[in-house]
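The values are calculated or read from the model by the stated rules, or taken from the named source; none is laboratory data. As the structure is a prediction and not an experimental result, all values here were calculated from the model. Here the Cβ positions follow ideal geometry from the backbone for every residue, glycine too, while neighbour counts run over all protein chains shown. In case anyone asks, the SASA skips ligands and DNA or RNA and just uses the protein heavy atoms, side chains included. Shrake-Rupley method; radii C 1.70, N 1.55, O 1.52, S 1.80 Å.
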Amino acid sequence: MKAVVMNGIGGIEEMAVVDREPPTAAPGRVVVEIAAAGVNFMDIGVRQGMAWTDVPNPKVLGVEGAGRVIAVGDGVDKFLIGDRVAWVYEPGSYAEQVSVRADALVKIPDGLDFRTAASLMMQGLTASHFATDFYPVQPGDVALVHAAAGGVGLLLTQIIKLRGGRVIGRVSSGEKRAIVREAGADHVIVDRDGNFADEVLRLTDGQGVNVVYDGSGPKTFAGSLASLRRSGTFCWYGPVLGGPGPLDIMSLPRSIKIGYATFYDHIHTPDLLRTRSRQLFDWIASGTLRVTIGGTYPLAEAAQAHADMESRRTTGKLLLIP
């Protein structure tokens, strides 16, 4: 089978398409023929040496996707050959086939296509965690969403609106304004340099927002702090762009609360994974949540997908199609 590996830590030149032996169905696992695999910033982080450093190279990239079960290992009783499934955080998804833990799988309901299902897993569950678990948005709350035109940002905006909140989206270019408005944002700020706090305060009559969702790295940290109202919540996420450095907790202003959010805490049991995924699937079926697929690439063009994502030119979800 074809798979995309990284041969070493570095740029996209370290990525290569290779032939590998197809996986077998070990106990507790199933083999899936992949129809679509998601591309995520964490994949770039792995390539840059920020994660999976204990796994020897060359290693297959990718952690999410959707496809059809083609083999079932011993001890698996919830999945059958032919089932349509999706998964999240299961290494090796940049390939034509992958071996997946049964506990990491969810069944795809009838009527939901593979590409939409693959687009929802990592970014949809992340957005769900942020708006329903880490900071449960209440009617009337105002949220600042950074990178609002990205896969997480577009889904997060919609979920905040579903819960009765208002959204101020920040984007890096004017070309991205329309897609964020279509997702339901009440206001969109165009800013590349981290100079957005004054506009946030103007839009909130000087009060600031209830919650900031910031995965944009150190450049936006100070502005996000300044954008929060008293006792507001700062949701920091995404390791690829780095952290803000050491913090003096006694210097934090206005009794704000700050934390680092990871989506796994939202789905730390198989039952939670399936419950949270089912909610996303139901929202899609009812038309209250939409996935924006910003680009599809053949498996052989995975390096180009990485380059495009790193350039910040893209919007929505990027997928690899084996």
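Over region 77-157, one equal point on each Cα, no solvent: what is log10 I(q)/I(0) by the Debye formula at q = 0.22, 0.24, 0.25 Å⁻¹?
For the requested q values the scattering log ratios are -1.10, -1.20, -1.25.
Given a Förster distance of 45 Å, report the FRET efficiency between Arg163 and Thr296 from their Cβ-Cβ distance, rounded to the nearest 0.05.
The pair Arg163/Thr296 has a calculated efficiency of 0.90.
Specify which residue in the list Ala303, Val209, Val60 is farthest towards the positive end of the charge dipole of the chain, using unit charges on the beta carbon of Lys, Arg (+1) and Asp, Glu (-1), about the Cα centre.
Most positive-ward Cα: Val209.
Please give the length that would be gained between Thr288 and Glu310 if that part of the chain were fully extended, namely 0.36 nm times their separation in residues minus their C-alpha to C-alpha distance (nm, one decimal).
Result: 5.0 nm gained on full extension.
Could you sort 229-238, 172-181 so that the peptide with the highest average Cβ count within 10 Å comes first and the rest follow in order?
Answer by packing, highest mean first, reads 229-238, 172-181.
May I ask you to give the percent of accessible area on region 225-321 that is carbon plus sulfur, with a probe radius of 1.4 Å?
Looking at region 225-321 in its full context, I get 54 percent from C and S.
Can you grab the distance from the C-alpha centre of region 81-115 to the C-alpha centre of region 255-322, Å, no decimals?
Their Cα centres are 14 Å away from one another.
Counting helices only, and only those DSSP H runs with n ≥ 4, report the 222 nm mean residue ellipticity of the chain as the sum of -39,500 (n - 2.57) divided by its residues, in deg cm²/dmol to the nearest 500.
After summing the helix terms and dividing by residue count, I get -7500 deg cm²/dmol.
Ordering Leu280, Leu80, Leu201 from largest to smallest accessible area (1.4 angstrom probe), what's the sequence?
So, going from the largest accessible area down, we get Leu80, Leu201, Leu280.
So how do Trp283, Trp87 rank on accessible area, 1.4 Å probe, biggest first, that is with the largest at the start?
If we order Trp283, Trp87 from most to least accessible, we get Trp283, Trp87.
Take the Cα atoms of the chain, build their convex hull, and give its volume per residue in Å³.
About 128 Å³ per residue, rounded to a whole number.
Of the beta bridges DSSP finds with both residues in the chain, what % are antiparallel, to the nearest 5?
55 percent
Using the heavy atoms of the protein chains and a 1.4 angstrom probe, tell me the accessible area per residue for the chain in square angstrom.
That works out to 43 Å² for each residue.
So for Glu14, Glu33, Glu90, what's the accessible-area order with a 1.4 Å probe, most first?
Per-residue accessible area, sorted high to low, gives Glu33, Glu14, Glu90.
Count the net charge of all other residues whose Cβ sits under 14 Å from the Cβ of Arg115, scoring Lys and Arg as +1 and Asp and Glu as -1.
Summing Lys/Arg as +1 and Asp/Glu as -1 gives +2.
Give me Rg/Rg_expected for region 238-322, where Rg uses Cα atoms only and Rg_expected = 2.2 N^0.38 Å with N residues.
1.53
Using a 1.4 Å probe on the protein chains only, how many percent of the accessible area of region 30-123 belongs to carbon and sulfur?
Carbon plus sulfur share of accessible area: 50 percent.
Run the count for the chain, please: Lys pairs, Cα-Cα under 23 angstrom, 8 or more apart or on different chains.
Count of close lysine pairs: 10.
Report the full-extension gain for the segment Thr53 to Asp191: residue separation times 0.36 nm, less the Cα-Cα distance, to one decimal in nm.
46.3 nm
Can you pull the accessible area of Tyr213 for me, 1.4 Å probe, Å² to the nearest 10?
So the heavy atoms of Tyr213 present about 0 Å² to solvent.
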